[in-house]
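Engineer: Once you've had a glance at the structure underneath, I'll fire off some questions.
The values are calculated or read from the model by the stated rules, or taken from the named source; none is laboratory data. Everything numeric in this text was worked out from a predicted model, so none of it was measured. Cβ coordinates were reconstructed from backbone atoms using ideal geometry, including for glycine residues, and neighbour counts include every protein chain displayed. Heavy atoms of the whole protein, side chains included, go into the accessibility calculation; ligands, DNA and RNA do not. Shrake-Rupley method; radii C 1.70, N 1.55, O 1.52, S 1.80 Å.
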Amino acid sequence: GALAQTAMEWGARASVEGNYKIAKGVHLYAEEEFRFQGAAFDNMRTTLGFTYKPFKALKMGVGYTLINSKKTSTGEFKAPRHRVFTDLSGTLQAGYFQFTLKERLQLTHRSGEFNVYQNTPNALALKSKFTVKYKGWFTTEPYASFEVRTALNDPWGTTSGTAQWNNKGTKTYYDYTPTGYTHVYNNRYRGELGVNFKLNRWNELKPFVLLDFCNDYELDTNAEGNRLFSAEYVKGTCLSVGLSYVFSF
């Protein structure tokens, strides 16, 4: 496929979370997050999750997220997406430094009407996140993280023949044969710098900066899936500032 590069974008994120301790190592949490592209509201995400630590170095979790996004062109909300996920985190403590590797397997269901040859109805992805945190300053904990997201079932297909004109003579296409949701590749890389401020035993504040590099493979086909108009990797970078607040009880 071809390669397309978009300009640097700017964004912002804000979230509020309530974290309830059911028993030792067992927590229930709810989070509301708002995301912006530039000065415009982009989407809101409502998450309900459950975590369990069988021992200090290991944490497991499951959860659900409702994603409500706005169309840039009309300002109206799109059909919502529904996401379920499961997490597994391992932590190693070395002096004042804490190293964490978190693996998240997520399934996102796209509702509404869309071209199934361009978008996956149930997108499966694996997110691998490595975090280093310094815990030697008591209630102030700076950290850095790097995350890779791998698409596990994006649409894929094969082309044949030479380029042809459509019946209006304005767009070329190739004969296309979809081969299913078989495309596996890394489509996002994220680097994050931030600080956890533990104000007291109940309240925590986290300002951060997030650099998000996307490498999405985008197909443009007809609704029948037998004509391919374009296929390209679209690369884009977004720098976001964010603030998270967590209330634990």
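Each row is one residue, and each column tells you yes or no for (1) out of contact with any Asp or Glu (no Cβ under 9 Å at 6 or more places or on another chain); (2) over 20 Å from VAL16 (Cα atoms); (3) open to solvent by 50 Å² or more (accessible area, probe 1.4 Å).
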| position | (1), (2), (3) |
| --- | --- |
| PHE41 | yes, no, yes |
| GLY61 | no, no, no |
| ASN68 | yes, no, no |
| LYS78 | yes, yes, yes |
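Engineer: Just give me the residues in segment 43-59 being open to solvent by 80 Å² or more (accessible area, probe 1.4 Å), assigned to a strand (DSSP E or B) and among the charged types (D, E, K, R), in sequence order.
Structural biologist: Selection gives LYS53, LYS59.
Engineer: I would also like to ask the following. If we keep just the residues of segment 101-119 that are farther than 20 Å from PHE77 by Cα and not aliphatic (A, V, I, L, M), which is least open to solvent (accessible area, probe 1.4 Å)?
Structural biologist: This residue is GLN106.
Engineer: I'd like the residue in segment 126-176 that is touching a Leu at 6+ places or on another chain (Cβ under 9 Å) and charged (D, E, K, R) and, out of all such residues, is farthest from LEU107 (Cα to Cα).
Structural biologist: This residue is ASP175.
Engineer: State all residues of segment 155-178 that are among the charged types (D, E, K, R) and either modelled with pLDDT of 85 or more or open to solvent by less than 60 Å² (accessible area, probe 1.4 Å) (or both); if no residue qualifies, say none.
Structural biologist: The answer is ASP175, and nothing else.
Engineer: So, THR120, is that one closer than 22 Å to THR65 by Cα and among the β-branched types (Val, Ile, Thr) or not?
Structural biologist: yes
Engineer: For segment 132-151, which positions are part of a strand (DSSP E or B) and surrounded by fewer than 18 Cβ atoms within 10 Å (Cβ to Cβ)?
Structural biologist: Filtering segment 132-151 for residues part of a strand (DSSP E or B) gives 132-134, 137, 140-151.
Matches in segment 132-151: VAL132, TYR134, TRP137, THR140, PRO142, ALA144, PHE146, VAL148, THR150.
Engineer: Return the total of residues in segment 1-38 being open to solvent by 80 Å² or more (accessible area, probe 1.4 Å) and either in contact with a His (Cβ under 8 Å, 6 or more places away or on another chain) or over 26 Å from GLU218 (Cα atoms) (or both).
Structural biologist: Going through segment 1-38 one residue at a time, the tally reaches 5.
Engineer: Moving on. GLN98 is checked against (1) open to solvent by less than 70 Å² (accessible area, probe 1.4 Å); (2) under 21 Å from the mean Cα position of the chain (by Cα) and fails just one. What number does that condition carry?
Structural biologist: (2)
Engineer: Would you tally the residues in segment 194-228 being touching a Leu at 6+ places or on another chain (Cβ under 9 Å) and either part of a strand (DSSP E or B) or free of Cβ contacts under 8 Å to residues at least 40 places away in the same chain (or both)? Reasoning before the result, please.
Structural biologist: Filtering segment 194-228 down to residues touching a Leu at 6+ places or on another chain (Cβ under 9 Å) leaves 194-199, 205-212, 219-222, 228.
Checking which are either part of a strand (DSSP E or B) or free of Cβ contacts under 8 Å to residues at least 40 places away in the same chain (or both) leaves us with 194-198, 205-212, 219-221, 228.
Here the count works out to 17.
Engineer: Scanning for something part of a loop (DSSP other than H, G, I, E, B) and closer than 24 Å to ALA123 by Cα, does segment 4-20 turn up at least one residue?
Structural biologist: First, pick out the residues of segment 4-20 that are part of a loop (DSSP other than H, G, I, E, B): 6-8.
Still in the running and closer than 24 Å to ALA123 by Cα: 6.
Yes, because at least one residue in segment 4-20 is part of a loop (DSSP other than H, G, I, E, B) and closer than 24 Å to ALA123 by Cα.
Engineer: Exactly one condition in (1) under 25 Å from the mean Cα position of the chain (by Cα); (2) open to solvent by less than 20 Å² (accessible area, probe 1.4 Å) is not met by VAL209; state its number.
Structural biologist: Failed condition: (2).
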